[in-house]
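Working notes for the structure below.
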Amino acid sequence: MDINLEWYRCFYWIAKTGSLTKAAARLHITQPAVSHTIKQMEKKLGGPLFFRTSKGVNLTAEGEVLLRYIEQAFHHVDMGEKAIADMHHLNSGEIHIGASDTLCKYYLLPYLEHFHEQFPNVRIHITNRTTPETLLLLKEGTIDFGIVSLPASDKQIEFRKSSPLQDCLVGGKGFHHLAHTTLSLRDIHQYPLLLLEQGGSTRKYIDQFAAANQQTITPEFELGSIDLLVQFALRGFGLAFVIRNYVEEELNSGKLIEIPLDPPLPERNIGIATLRGVPLTAAAKSFCALLP
């Protein structure tokens, strides 16, 4: 059945005011228009909804039944409008974010904390995946946006550059003698190497960098996170490719030694990935505005 909400608004205000004239004033239309609407409605529903009295109009038994449902329907409409208003004012809502463990810990966490303090009623869901997996979740509609390591490309996805990332080669104290020695990519094969597992954007970036310089990097250990790379490097297992931004404390304390490379790894960026042509929710849009 086709639902004409204007008919039901007209019916509602006649029932509430007991007068076609008052309903017309409330709806900002003419009294004949109100009368015509009710006649159409009664014709479609198969019987009268009102009967006239000396004081105006009253509901028939059928009209009383209909009013109970119309009141519930309009109540739900009001609740829906309030829910949307709450979402726009960030009094409610949800955000679904995809990010790797490393980006969540070193980049996202402070912004999550700040946003949660401001808008505690907005629920935040984090899905920890690699950059390629995060982009897949975004295209599937599972998350609102992703925090990824650039470079990355996909025709369906828009990428906004955020904070810079600088990859570097580090070793534990046992490799302090290399701190003032610039190593070529060919030279580093003299030492045990630690790399992230294949499948992530950072490993892909390191491999592509090596290939661009006619080299192939063969690791002694392949590990699942930057934190594990750092721990293995601290314990002297070998030289690790890590992100300098995330090991500044270890470098400043001398626990890790940065080893200069020739050529050095180019700077890259964290990216905020959103699906092209799909608007963000009010909460997701507000959160993204916090990100640099």
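Some points to look at:
- The conditions of being of a type outside the set (A, V, I, L, M, F, W, C), touching a residue at least 40 places away in the same chain (Cβ under 8 Å) and assigned to a helix (DSSP H, G or I) are met by Pro132.
- Condition met for Glu222 (among the acidic types (Asp, Glu) and more than 30 Å from Pro279 (Cα to Cα)): yes
- Total residues in the range 277-292, condition within 16 Å of Thr134 (Cβ to Cβ) and more than 10 Å from the chain's Cα centre (by Cα): 2
- Counting only residues that are under 14 Å from Gly238 (Cα atoms) and touching a helix residue (DSSP H, G or I) at 6+ places or on another chain (Cβ under 9 Å), the range 169-207 holds 10 of them.
- Qualifying positions in the range 30-49 - small (Gly, Ala, Ser), part of a helix (DSSP H, G or I) and over 12 Å from Glu6 (Cβ atoms): Ser35
- Which listed residue is more than 16 Å from the chain's Cα centre (by Cα), open to solvent by 70 Å² or more (accessible area, probe 1.4 Å) and of a type in the set (Asp, Glu), from Glu117, Glu140, Glu113, Glu133: Glu117
- Criterion violated by Glu220 - all others in (1) in contact with a Gly (Cβ under 7 Å, 6 or more places away or on another chain); (2) over 22 Å from Thr127 (Cα atoms); (3) touching a residue at least 40 places away in the same chain (Cβ under 8 Å); (4) of a type outside the set (A, V, I, L, M) satisfied: (3)
- Hey, Gln231 free of Cβ contacts under 8 Å to residues at least 40 places away in the same chain and at positive phi or not: no
- Filter pass, Thr127 being touching a Gly at 6+ places or on another chain (Cβ under 6 Å), surrounded by 12 or more Cβ atoms within 10 Å (Cβ to Cβ) and closer than 30 Å to Lys204 by Cβ: yes
The values are calculated or read from the model by the stated rules, or taken from the named source; none is laboratory data. On a predicted model such as this, the values are computed, not experimentally measured, just so you know. Every residue, glycine among them, receives a Cβ derived from its backbone with ideal geometry; neighbour counts consider all protein chains shown. Heads up: the accessible areas ignore ligands, DNA and RNA and are worked out on the full protein's heavy atoms, side chains in. Shrake-Rupley method; radii C 1.70, N 1.55, O 1.52, S 1.80 Å.
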